[in-house]
Amino acid sequence: MKKIIINGGRKLRGDIFVSGMKNAALPIVFASILTADECTLENLPNVTDVNLSLKILESMGAQVTRLNQTTVRVDTRHFLPVNTCGDMVSKLRASTYLLGAELGRFGEALVGLSGGCDFGVRPIDQHIKGFEALGAVASVENGCNHVVAGKGGLRGGSVYLDIASVGATINVMLAAVLARGRTTIDNAAREPHIVDLANFLNMCGARISGAGTSFIKITGVEKLHGCTYTIIPDMIEAGTYMVAAAATGGRVTVRGVIPKHLETVTAKLIEMGAGVDEGDDCITVSRTSRLNRANIKTYFYPGFPTDMHPQFGALLATADGTSVITEGVFDNRFRYVDELVKMNAEIKVVGRTATVIGKPGLTGAPVKAVDLRAGAALIIAGLAAEGVTEITGVETIERGYDDIVGKLRGLGADITLRETFADNIEKAV
Ligand code: UD1
């Protein structure tokens with residue numbers, strides 16, 4: 001079993017570079033299906049979720065060539081929409097994007113129920129509502145979602161999303177780019193990765209406007225073509241390192257970021273008393289005294305990102321005073337709390353609210369990463385704590401963080417990834 005071992009209490013210092021954004025890379029990989037051509041994707045993060053998305057495409061006839069560590073060429077000319085009810089899709093939340101991409105290109109998709117982090121129920125009713133507005137018929141068959149375009153193919157339609165869902169906005173965009181006529185998405189998600197997907201698709205010949213606002217317009221085109229596209233930097237990875245810097249003290253410059261995407265994180269760190277300096281593509285975080293308490297309410301972008309909630313939970317656990325975190329996006333994002341409590345944090349959860357009673361220090365302990373960002377929170381807590389923290393569930397962290405152990409070691413952290421002989425055999429097979 002893989003473990004991350006942290007000997008805590010060291011101040012982080014130095015520069016760290018962020019990788020491409022996982023949540024932008026995933027829809028763009030699946031969107032390449034729509035081009036039936038060759039796309040070269042640059043700045044892809046080397047994380048297991050993205051690698052799995054490429055494997056899924058490969059298993060369906062796409063040709064995937066790794067040109068270097070961060071660049072992949074995907075040729076989807078021979079991609080075939082075979083039934084994907086298998087094991088691979090069930091491990092990846094983003095495999096739902098196969099529905100929109102296959103429906104858009106082939107007029108039909110049969111895709112197994114997707115996996116991903118367990119934040120409570122994660123329905124796709126808004127995705128389905130969007131497909132139906134384009135004339136598709138949807139059903140669930142033997143544990144798979146089946147969507148079929150109406151006679152004559154998909155046609156543009158008006159979609160009003162009841163929730164500004166990232167996944168539903170992406171899936172409707174994917175289905176609509178090749179549909180006949182004009183589609184509008186009202187109450188669309190505004191996250192930076194929605195803009196990145198629109199930029200990629202437009203570079204392939206799509207006609208999408210309004211991405212980044214809550215009203216997106218898509219005029220269907222006959223055909224797309226391939227392109228070379230660079231994925232935006234990962235704001236959640238950057239935010240995680242900013243919080244790690246604040247939690248341990250010291251001074252860290254996070255490089256290769258878009259500071260605008262991190263405004264809420266920056267504002268919260270400043271409110272808590274950290275030093276934050278923004279450059280054009282870097283942010284420096286420092287801390288000299290104990291941080292102050294703060295309240296957090298997560299919400300859809302440009303609100304405070306739910307994907308930064310657990311990391312701030314770890315930070316607030318050592319702040320001066322009592323903080324309240326209110327989760328505004330998912331039903332159950334508090335599974336990290338029980339693990340932090342093992343490290344001497346004092347946190348009480350009622351419904352969607354956590355009350356965090358800050359203590360001067362945490363203590364290292366054996367803990368388990370129960371989801372991706374929960375794992376990031378435990379790493380932050382372990383770096384700040386006195387003593388040794390052993391984290392299991394490392395595979396969950398590797399789904400979304402590119403070489404987090406190596407990058408943190410570069411900042412002076414005493415952190416190691418321990419792989420057993422069995423782990424290495426599994427990797428080789
Ligand atoms: C994506 C991200 C995830 C992030 C989340 C919110 C990926 C692969 N994952 O997840 O990291 O935490 O956005 O920023 O990009 N909902 C419905 N019906 C639907 C769709 C969603 O009720 O049809 C609800 C969800 O249960 C949740 C909320 O809407 O409560 C937001 O979900 P959504 O924005 O769709 O998140 P994901 O795309 O699953």
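Checking the structure you have, find out if any residue of region 15-36 is touching a Lys or Arg at 6+ places or on another chain (Cβ under 8 Å), over 24 Å from Ala244 (Cα atoms), more than 14 Å from the ligand (Cβ to nearest atom) and open to solvent by 20 Å² or more (accessible area, probe 1.4 Å).
yes
So Arg255 passes all but one of these: (1) open to solvent by 20 Å² or more (accessible area, probe 1.4 Å); (2) assigned by TED's automatic domain parsing to the domain that holds Arg93. Which condition number does it fail?
Checking Arg255 against (1) open to solvent by 20 Å² or more (accessible area, probe 1.4 Å); (2) assigned by TED's automatic domain parsing to the domain that holds Arg93, the one that fails is (2).
Counting just the residues of region 53-71 that are without any contact (Cβ under 8 Å) to a residue 40 or more places away in the chain and among the hydrophobic types (A, V, I, L, M, F, W, C), which one comes out most open to solvent (accessible area, probe 1.4 Å)? Outline the logic, then answer.
Initial filter on region 53-71 (without any contact (Cβ under 8 Å) to a residue 40 or more places away in the chain): 54-55, 57-69, 71.
Adding the requirement that they be among the hydrophobic types (A, V, I, L, M, F, W, C) leaves 54, 57, 60, 62, 64, 67.
Details: Leu54: 10, Leu57: 0, Met60: 7, Ala62: 8, Val64: 35, Leu67: 85 Å².
Here the residue is Leu67.
In the set Gly375, Gly382, Gly313, Gly361, which member is more than 17 Å from the chain's Cα centre (by Cα), within 16 Å of the ligand (Cβ to nearest atom) and not polar (S, T, N, Q)?
Details: Gly375 fails: more than 17 Å from the chain's Cα centre (by Cα); Gly382 fails: within 16 Å of the ligand (Cβ to nearest atom); Gly361 fails: within 16 Å of the ligand (Cβ to nearest atom).
Testing whether each residue is more than 17 Å from the chain's Cα centre (by Cα), within 16 Å of the ligand (Cβ to nearest atom) and not polar (S, T, N, Q) leaves just Gly313.
So for region 232-243 (the condition being more than 27 Å from Gly303 (Cβ to Cβ) and in contact (Cβ under 8 Å) with a residue 12 or more places away in the chain), does at least one residue qualify? Break it down into steps so the answer makes sense when it comes.
First, the residues of region 232-243 that are more than 27 Å from Gly303 (Cβ to Cβ): none.
There is no residue in region 232-243 that is more than 27 Å from Gly303 (Cβ to Cβ) and in contact (Cβ under 8 Å) with a residue 12 or more places away in the chain.
Restricting attention to region 318-336, which residues are closer than 21 Å to Gly303 by Cα and over 25 Å from the mean Cα position of the chain (by Cα)? Lay out the reasoning, then the answer.
Keep residues of region 318-336 that are closer than 21 Å to Gly303 by Cα, which gives 323-334.
Ser323 - this is the single residue of region 318-336 that is closer than 21 Å to Gly303 by Cα and over 25 Å from the mean Cα position of the chain (by Cα).
Out of all the residues in region 86-109, which are open to solvent by 10 Å² or more (accessible area, probe 1.4 Å) and more than 19 Å from the chain's Cα centre (by Cα)?
Residues satisfying the conditions are Gly86, Asp87, Gly104, Arg105, Phe106, Gly107, Glu108.
Does region 216-234 hold any residues that are among the acidic types (Asp, Glu) and buried (at least 21 other Cβ atoms within 10 Å of the Cβ), and which are they? Before you say what the answer is, go through the steps one by one.
Filtering region 216-234 for residues among the acidic types (Asp, Glu) gives 222, 234.
Matches in region 216-234: Asp234 only.
Restricting to region 403-419, count the residues that are under 12 Å from Leu383 (Cα atoms), part of a strand (DSSP E or B) and open to solvent by 40 Å² or more (accessible area, probe 1.4 Å). Please lay out each step first, then the result.
From region 403-419, those under 12 Å from Leu383 (Cα atoms) are 405, 408-409, 411-416; that's our starting set.
Okay, now just the ones that are also part of a strand (DSSP E or B), so 415-416.
Then keep just the ones that are open to solvent by 40 Å² or more (accessible area, probe 1.4 Å); that gives 416.
Within region 403-419, residues that are under 12 Å from Leu383 (Cα atoms), part of a strand (DSSP E or B) and open to solvent by 40 Å² or more (accessible area, probe 1.4 Å) number 1.
Which ones in region 163-185 are open to solvent by 30 Å² or more (accessible area, probe 1.4 Å) and within 13 Å of the ligand (Cβ to nearest atom)?
Our first condition is that a residue be open to solvent by 30 Å² or more (accessible area, probe 1.4 Å); within region 163-185, this holds for 163, 166, 178, 180-182.
Correct list: Ile163, Val166.
If you go through region 247-262 one residue at a time, do you hit one that is without any contact (Cβ under 8 Å) to a residue 24 or more places away in the chain, under 22 Å from Arg10 (Cα atoms) and over 18 Å from the mean Cα position of the chain (by Cα)? Outline the logic, then answer.
Looking only at region 247-262, we keep the residues that are without any contact (Cβ under 8 Å) to a residue 24 or more places away in the chain, and these are 260.
Add one more test, that the residue is under 22 Å from Arg10 (Cα atoms), and what stays is none.
The answer is no; no qualifying residue exists.
Of the residues Arg399, Arg373, which is in contact with a Pro (Cβ under 7 Å, 6 or more places away or on another chain) and surrounded by 22 or more Cβ atoms within 10 Å (Cβ to Cβ)? Show your work before the answer.
On the way: Arg399 fails: in contact with a Pro (Cβ under 7 Å, 6 or more places away or on another chain).
Going through Arg399, Arg373 in turn, just one is in contact with a Pro (Cβ under 7 Å, 6 or more places away or on another chain) and surrounded by 22 or more Cβ atoms within 10 Å (Cβ to Cβ): Arg373.
Rundown of residues vs (1) over 27 Å from Asn23 (Cα atoms); (2) assigned to a loop (DSSP other than H, G, I, E, B); (3) assigned by TED's automatic domain parsing to the domain that holds Leu269, yes/no style:
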| position | (1), (2), (3) |
| --- | --- |
| Pro302 | no, yes, yes |
| Gly313 | no, no, yes |
| Val341 | yes, no, yes |
| Thr355 | yes, no, yes |
| Leu383 | no, no, yes |
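Please determine whether any residue of region 304-312 is under 30 Å from Leu134 (Cα atoms) and among the acidic types (Asp, Glu).
no
The values are calculated or read from the model by the stated rules, or taken from the named source; none is laboratory data. Being a predicted model, the structure only gives us computed values, none of them experimental. We place every Cβ from the backbone using ideal geometry, glycine too, and count neighbours over all the protein chains shown. All accessible areas refer to the heavy atoms of the entire protein, side chains included, with ligands and DNA or RNA removed. Shrake-Rupley method; radii C 1.70, N 1.55, O 1.52, S 1.80 Å.
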